[in-house]
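What follows draws every value from the coordinates through simple rules; no lab data is involved. From a predicted model like this one, the values you see are computed outputs, not experimental measurements. Note that we place each Cβ from the backbone using ideal geometry, even for glycine, and neighbour counts take in every protein chain shown.
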Amino acid sequence: MKQTALILLCCLCITTLFAQQAIHTNHKPGAFPITDKRTTPIYVDGADHWLVQKAAALLQTDVEKVTGKKPAVANTLPQKAKNIIIIGSLDRSSLIKQLVQTNKLLADSIKGKWEAFQVQVIANPLPGVDNALVIAGSDKRGTAYGVFELSKQLGVSPWYWWADVPVKKAKACWYNSAIKLNQSPGVTYRGIFLNDEAPALSRWSKATFGGFNHLFYEKVFELMLRLKANYLWPAMWGNAFYDDDSLNAVVADQYGIVIGTSHHEPMMRAHDEWRRYGKGKWNYDSNEVQLKKFWEEGIRRKRSYESIVTVGMRGDGDEPMSEQSNIALLERIVADQRRIIANVSGKDATATPQLWALYKEVQDYYDKGMRVPDDITLLLCDDNWGNIRKLPKRNAPARAGGYGIYYHFDYVGGPRNYKWINTNNIPRIWEQMHLAHEYGVDRIWIVNVGDLKPMELPISFFLDYAWNPSQYTTDRTQEYTNEWAAQQFGDTYAGEIGYLLSKYTQYNSRRKPELLSPGTYSLINYQEAEKVVHDYNALVLLAEKINKLLPAAYKDAFYQLVLFPIKASANLNEMYVAAGKNQLYAKQGRASTNELAARVKALFIADSLLTKQYNQELAKGKWNHMMDQTHIGYTYWQQPPVNVMPAVKTIEPPAQSRPAIAIEGSEAVWPSETGKAILPAFNNYRSEKHYIDLFNQGALPFNYTIKAETSWLQLSSLNGRIDKEQRIWLQVKWAAVPEGKHQATVTITLPGSKEVTVYVPLEKLTIPGYTNVTHVEGDGYISIDASRYAKAITEKDINWVSIAYMGRTGNAITFFPPFGRTSELNATSAHVEYNMYTTGTGAAKVMVYCAPTLPFNESNGLRYGISFDDDTPQLVNLHADNSERAWAQSVSDNVRISTSIHTLPTAGHHVLKIWAVDPGIVIEKIVVDFGGVRKSYLGPK
């Protein structure tokens, strides 16, 4: 019921984030007809930019796709027309200039701006013309963005080709004349990096286009423009954009795409070009002359095409430079590179946009004092796992070159590659990039997208966010995801699809698929492994249900955007859980061990069949090779050459029956175990059940009977016959239980008069004032979703913000604006309060689960305050252990857990308080441990 309610809620949240909805498919008075009984012709000045004319031609085909009617595109105005569509840039279109000069078009809102556009209806714009829908841009890209915004609202998704999203059909379309669209970007350069592109994208591009040539890039450039992007780092694994096809740069210039090179490819030369043409070592100390010649050619070759030149130098193959490298050498390298830029271009170096990427060890050089000229953009970076390493100091002096961010959706490197499938949680992207924007990073946003597919959703969000950061000052990511789903699949199931997208990415972000192992999730505690499998499979059921309901035209898009990632992820997680159970069951001698081995094999085969369906059957084989990435069988950071099934064990059960028992919370087996079989404790304020497994270690079946000591205990079975195994569920009838702590028993009688006693601890409480208590101790702990606080205390401009679907198991909280405040805390300082009731006294360890945010503010760690009741808050440093080992653990687990010890002198009501101190701390979960917390990956439920 809760899931159904949530989905219904999602359905109600579909509002407009993308832009005002300007298109009607039914005629309304005063609306401008794009197509009605006839199509409205499109006019574009023949002297306008190539890109503007290309955008007009694409609009022509878009209108035809939507309505089946193809409007005319002309470079000369009709003598007389009731309605026309005018497309043009302020700098090249004579007609747009004329409309401005005659005050028919008021363009002050876009004049002189970067990539701005406006779309509006103008009455009597020209003699003989009654109305015109005018799409005007401040420059060529701005004009194209205006055209593609109209296309999107007509029903053409930016992903119509790259994800086979059907165009939404309509017999006629009108533009709402009352709406004037006026947009310009919040981030200057917004782009993607095609990286780690082998084997999937490289094989696919070769099979489809013959390689990474201009035919391939034309498709990429069109997608980018439809997503309002303008900046590309091209594919570079064994590829060279300028060298592989001389038309690549020409076509990029026509499409208005700014070309750059990655953080370790200076001066517009691809890394592979040094292998092809370089002479000597990639070492400036010993090979300066050859490197200068190599770089000169890069600047000469780029000509006057728009670009951002990467300066600086890393070691060969994206490695750190030698230990002997020093700041003075790097500063000399940058100075020499700028002289090359100036000499080749014939202009001052400041006239050519440049960036210096503070990637990995290069940030250390900056931190130790290395500086570059003020006009060079400082490209700050994440840690390759979506956690920003450094941001400018707040209120730092402005730099002419500003700041940028290089972010990752895909990575090759330690602690493990992640390349196979989308694991990017949209709320986390928003939270980190919101930090960046709040700290003034708005010159460049570029993200490593790997093979481009299957990163469609996070790419859309990243670029939409970069275009208009002001729309996302608070968490609107679910709203965004719902509307994105509506854009691809229509409104009918958009809420459900948005929910599926949010949940599967939340689940996938808990641990990258490449990091999964049979031991990731606990097989015995908190029913964790079973819950993981159940939750994924629940998404599969909902996704398959929607797939059956969707029109046939949407099937291919739904498979690649929703159904495949959910089914493949669910299958993979179940396979690893089954492998873990197989190993546990072999240790316990269960007769079902071999069945689990067979299940692992079946799931491994299912993975390959899903891949085959994606590669060979989806869209009639259009995406063959796009799912070639190996993802099963990692043994270290690098990918395995082929998928390798997890190891399984088989056993040979004895010919007779051999009854045995295991319980939740233990790997032990009874009756062979001598210790007590004690279940996790029950508590009347928790709705939960626990289990006993009865199983056979032999080949012949056996009978059993179960007797509970009291009528309080309700068992799912009291007797029966077992061939392999049966799980017995225990619940408590609380109405019949006296107040206080009890230890009931369950006696299981097996063949040969063998008996096993299972002890069932339980506690019934009556809590005075329970309505004010949210969380109750049971089984030695309290576990809290961070968003379930009782009270949030704000301070001046500091507010607590909940972030939906962020966190491995629930929602998260942080405080905005994300700037530091004093660590001198008092009762009115910003904090959140959690009301709880404890049954024990003494030491309590509080574990705060936080997102693995890094100390981006040049501190020794991010801190929060924590206290119980009226105690003085302790300051806890989330990065007290800031070692490489601790970082690797935090990104692998996608959480950083810090602890503090407190003393509770009395049992009963208490208030746990967490205080805002340093910015960027995102709290996901809180566990108060009174000695009962058991080992698990996600922590207690």
**Request:** Order these peptides, 857-870, 156-169, 444-457, by their mean beta-carbon neighbour count within 10 angstrom, highest first.
**Result:** 444-457, 156-169, 857-870
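State, as an integer percentage, the relative contact order of region 659-764 based on alpha-carbon contacts under 8 Å between residues 6 or more apart. Mind showing how you got there, number by number?
Numbers: 235 pairs, mean separation 33.4, N = 106.
Once normalised by length, the contact order is 32 percent.
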**Request:** Provide the gained length on full extension for the span Q101 to T899, in nm with one decimal, where the gain is 0.36 nm per separating residue minus the Cα-Cα distance.
**Result:** 280.5 nm
**Prompt:** So how much slack lies between A668 and T492, counting 0.36 nm per residue of separation and subtracting their Cα-Cα distance, in nm?
**Reply:** 58.3 nm
**Asked** What Rg and what Dmax come out for the chain when only alpha-carbon atoms are used, in angstroms?
**Response** 31.1, 105
**Message:** Please rank T710, T822, fewest neighbouring Cβ atoms within 10 Å first, as an exposure proxy.
**Reply:** T822, T710
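Working out 0.36 nm times the residue gap between A886 and K279, then minus their Cα-Cα distance, what length gain in nm do you get to one decimal? It would help to have the intermediate numbers written out before the result.
Numbers: separation 607, 0.36 × 607 = 218.52 nm, distance 4.09 nm.
In short, 214.4 nm is gained.
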**Asked** When DSSP assigns beta bridges and you keep just the ones with both residues in the chain, what percent turn out antiparallel, to the nearest 5?
**Response** 70 percent
**Asked** When the Kirkwood hydrodynamic radius is evaluated over all pairs of different C-alpha atoms of region 770-929, what value in angstrom, to one decimal, is obtained?
**Response** 15.9 Å
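Between rounded, prolate and oblate, where does region 865-941 land on the alpha carbon gyration tensor, with a ≥ b ≥ c its root eigenvalues, rounded for a/c under 1.5, else prolate if a/b exceeds b/c? Present the calculation step by step, with values, prior to reporting the outcome.
On the way: a/c = 2.24, a/b = 1.40, b/c = 1.61.
Taking the square roots of the gyration eigenvalues as a ≥ b ≥ c, region 865-941 is oblate.
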**Asked** Mean separation of Cα pairs under 8 Å and 6+ residues apart, divided by the residue count of the chain: what relative contact order is that in percent?
**Response** 9 percent
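In percent, how large is the relative contact order of region 103-149, given Cα pairs closer than 8 Å and 6 or more residues apart?
On the way: 73 pairs, mean separation 17.1, N = 47.
The value is 36 percent.
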**Prompt:** Quick one: putting +1 on the C-beta of Lys and Arg, -1 on the C-beta of Asp and Glu, what dipole do you get for region 529-601 around its Cα centre, in Debye to the nearest 20?
**Reply:** 180 debye
**Message:** Please give me the summed charge of the neighbours of G865: other residues whose Cβ is under 13 Å from its Cβ, Lys and Arg +1, Asp and Glu -1.
**Reply:** -2
**Prompt:** In terms of modelled amide H atoms, which long-range or inter-chain residues lie less than 5 Å from the amide H of V776?
**Reply:** Y837
**Request:** Could you give the size of the charge dipole of region 22-72 about its Cα centre, using +1 on the Cβ of each K and R and -1 on the Cβ of each D and E, expressed in debye and rounded to the nearest 20?
**Result:** 260 debye
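When a footprinting reagent is the concern and you count Cβ atoms within 10 Å, what order do T674, T705, T208 take, fewest first?
Numbers: T674 7, T705 13, T208 16.
Starting with the residue having the fewest Cβ neighbours, the order is T674, T705, T208.
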**Prompt:** Across 10 Å bins from the origin, how do the percents of Cα pairs in region 21-178 run, short distances first?
**Reply:** 12, 43, 36, 8, 0
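Only four residue types carry charge here, +1 at the Cβ of Lys and Arg and -1 at the Cβ of Asp and Glu. Report the dipole size of the chain about the Cα centre in Debye, rounded to the nearest 20.
The dipole magnitude comes to about 1960 debye.
Please arrange R727, R141 by counting, for each residue, the other beta carbons lying within 10 Å of its beta carbon, fewest first. Provide the component values of the computation, followed by the final result.
Numbers: R727 14, R141 28.
Fewest-to-most ranking of R727, R141: R727, R141.
Would you mind computing the Rg to Rh ratio of region 189-475 from its alpha-carbon coordinates, Kirkwood style for Rh? Intermediate results must be reported in sequence, preceding the final value.
Details: Rg = 18.0 Å, Rh = 19.2 Å.
Ratio of gyration radius to Kirkwood radius for region 189-475: 0.94.
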**Request:** Give the shape of region 93-196 as rounded, prolate or oblate, defined through the alpha-carbon gyration tensor: a ≥ b ≥ c are the square roots of its eigenvalues, a/c under 1.5 means rounded, and otherwise the shape is prolate if a/b is larger than b/c and oblate if not.
**Result:** oblate
